[in-house]
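The values are calculated or read from the model by the stated rules, or taken from the named source; none is laboratory data. Since we're looking at a predicted model, the values are computed, not measured. Cβ placement follows ideal geometry from the backbone for every residue including glycine, while neighbour counts extend to all protein chains displayed. Accessible surface areas use protein heavy atoms only, side chains included; no ligands, DNA or RNA. Shrake-Rupley method; radii C 1.70, N 1.55, O 1.52, S 1.80 Å.
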Amino acid sequence: MELTELWEISRQERSQQKPVQIRCCTAAGCLSANSQTVKQKLEEAVKAGGLAAEVQVSGVGCMRLCCQGPLVEVSETGEQRLYEKVTPEDAPKIVGALQGEEAKLAVVNLEQPFFTYQQPIVLENSGKIDPERIQAYIAAQGYQALYHVLRDMTPEQVVESISRSGLRGRGGAGYPTGLKWATVAKAKGERKFVICNADEGDPGAFMDRSVLESDPHRVLEGMAIAAYAVGANQGYIYVRAEYPIAIKRLQTAIHQAQRLGLLGSQIFDSPFDFKIDIRIGAGAYVCGEETALMASIEGKRGLPHPRPPYPAESGLWGYPTLINNVETFANIAPIIRKGADWFASIGKGKSQGTKVFALAGKIRNTGLIEVPMGTSLRKIVEEMGGGIPDGGVAKAVQTGGPSGGCIPASAFDTPVDYESLTNLGSMMGSGGMIVMDDTTNMVDVARFFMEFCMDESCGKCIPCRVGTVQLHGLLTKIREGQATVADLELLEELCDMVKNTSLCGLGQSAPNPVFSTLRYFRDEYLALIQEG
């Protein structure tokens, strides 16, 4: 395939677009609220109204304001209307409004901070294109970055560009992406692999799922560019079985890309070959840890092993392996298209670009947001999130999932970047952000996340296997008012031991919610402790 063929596909796709676009969200959240039937009823109403020649109904990915789903967007003559909580019975009214009838349906205010403060890079196509049509992705400049890389750049230039952009891994640790790519590129091996970690397991997190459901080709293109840069010819996407829609759309996307010669042999008539396969995980949280993930792909039990050696030197089947998460790969094509300096100009300090968060909990606007690094927690919670429902008061935000910590409302002016969150005793994590109000008991929060880590521990190392059980027992004892000051001291001592002696990231980070709640909400622990 040549660039002219891409342009021709793009031209044909745009020429077939009708003047009026009706987009219905078909991501998992809205599908669970019957959006597939809404889409079907919209199509029937368009046909019945004789509007098929001018109105196009499409299923698209996540439109972000998930709490108001199902969402339906109508675009005509430069005007946009976003209808919320649409039912199948509302479909004829939406179509009728195109003919001048009064719809009397709830419309979302698109000028509110939830939308206006976002800066979509990863989510630039989300909610706009049909994720099951490669032509829609190509019409949105899809695969042009891959063409440019294969025709105009050396692998070293690609790595240098990613390094200069300042992109850091969006899976949680924030390791410099360019440095990781450079290490794999320099590693010696007969074969090399690229793995996309889509084993998103944090409670309240759904960022990666939404990207895969909304724009799967974006991830495939990012993986192909990475493979060219490091010298790999085989890729794997490790995705949890609980994401059936994401899996289905990935399978469709891979098949479409192969058919057009955008994956497989001699991509864009170059010497570069790259194949991608899907591996489905059984839902073990520990398989989000890269060594456990690789063991699972190899057909073994998903258990972590000590590092070094690191995957960049000895990974899948002992060969050099590059592992990045979904959001990291989704940033690659825009960086190549628009330039490393463009990406580096967004963000704050050592945290460049944007970050996608799943905003959940006791907050008015729950859903998906993408904001520049450095945006304050207060801006996210109080303005974008709309604050606490029913006049409540925000108490804390938990970031980073079970590996993160709870940040008090007094620290909401903190910018969201890797270093600032770490200094507060939390972490960026993959992007879960759970808001709590003043009715939340923080000991309960710590116990909930400890129970999660206790259940998800693989059991390989004693500090995690036994330590999480003991910590959960102590937290339960405190919550039930049966603990003493000695138990609280034991809790802190045990947290330190589990953190510093566990084998992998699960055990090492399991005490973080306890540490952070003790740091900022110790009075709630002391109020439950017996004297003596």
Going residue by residue through region 86-103, is there one that turns out to be under 29 Å from LEU250 (Cα atoms), open to solvent by 20 Å² or more (accessible area, probe 1.4 Å), of a type outside the set (Val, Ile, Thr) and touching a residue at least 40 places away in the same chain (Cβ under 8 Å)? yes
Determine, yes or no, whether TYR143 is open to solvent by less than 20 Å² (accessible area, probe 1.4 Å), of a type outside the set (Val, Ile, Thr) and over 25 Å from GLY431 (Cβ atoms). yes
Candidates LEU528, LEU490, LEU503, filtered to the one that is in contact with a Cys (Cβ under 6 Å, 6 or more places away or on another chain), open to solvent by 30 Å² or more (accessible area, probe 1.4 Å) and on the phi < 0 side of the Ramachandran plot: LEU503
State all residues of region 382-393 that are open to solvent by less than 20 Å² (accessible area, probe 1.4 Å) and closer than 13 Å to ASP437 by Cβ; if no residue qualifies, say none. GLY385, GLY387, ILE388
Sort through GLY481, GLY473 and tell me the only one that's modelled with pLDDT under 95, closer than 19 Å to ASP444 by Cα and surrounded by fewer than 21 Cβ atoms within 10 Å (Cβ to Cβ). GLY481
Among the residues in region 215-235, are any part of a loop (DSSP other than H, G, I, E, B) and more than 29 Å from ARG133 (Cβ to Cβ)? yes
Condition met for ASP215 (at pLDDT below 95, of a type outside the set (A, V, I, L, M), surrounded by 17 or more Cβ atoms within 10 Å (Cβ to Cβ) and under 16 Å from ASN325 (Cβ atoms)): no
When region 1-47 is examined, which residues are found to be closer than 18 Å to ASN125 by Cα, assigned to a helix (DSSP H, G or I), open to solvent by less than 20 Å² (accessible area, probe 1.4 Å) and in contact with a strand residue (DSSP E or B) (Cβ under 9 Å, 6 or more places away or on another chain)? CYS30
Which condition does ASP413 not pass, out of (1) in a loop (DSSP other than H, G, I, E, B); (2) open to solvent by less than 10 Å² (accessible area, probe 1.4 Å), if it passes all the others? (2)
Listed by range, strands (runs of 3 or more DSSP E) wholly within region 275-372 having at least 3 residues that are in contact with a helix residue (DSSP H, G or I) (Cβ under 9 Å, 6 or more places away or on another chain) and closer than 16 Å to ILE195 by Cβ are 275-281, 321-325
Can you find a residue that is crowded, with 18+ Cβ neighbours inside 10 Å, assigned to a helix (DSSP H, G or I) and hydroxyl-bearing (Ser, Thr, Tyr) anywhere in region 122-132? no
Show the residue pairs that are 6+ apart or on different chains and have beta-carbon atoms under 6 Å apart, the first residue being within region 364-379 and within 20 Å of ALA205 (Cβ to Cβ) and open to solvent by less than 30 Å² (accessible area, probe 1.4 Å), the second being of a type in the set (Lys, Arg) and part of a strand (DSSP E or B). MET373/LYS348; MET373/LYS355
Got a number for residues in region 437-460 being part of a loop (DSSP other than H, G, I, E, B) and basic (Lys, Arg)? 1
Hey, ARG168 basic (Lys, Arg), farther than 26 Å from GLN258 by Cβ and under 17 Å from the mean Cα position of the chain (by Cα) or not: yes
Of the candidates SER430, SER420, the one satisfying the condition of being free of Cβ contacts under 8 Å to residues at least 40 places away in the same chain, in contact with a strand residue (DSSP E or B) (Cβ under 9 Å, 6 or more places away or on another chain) and of a type in the set (S, T, N, Q) is SER420
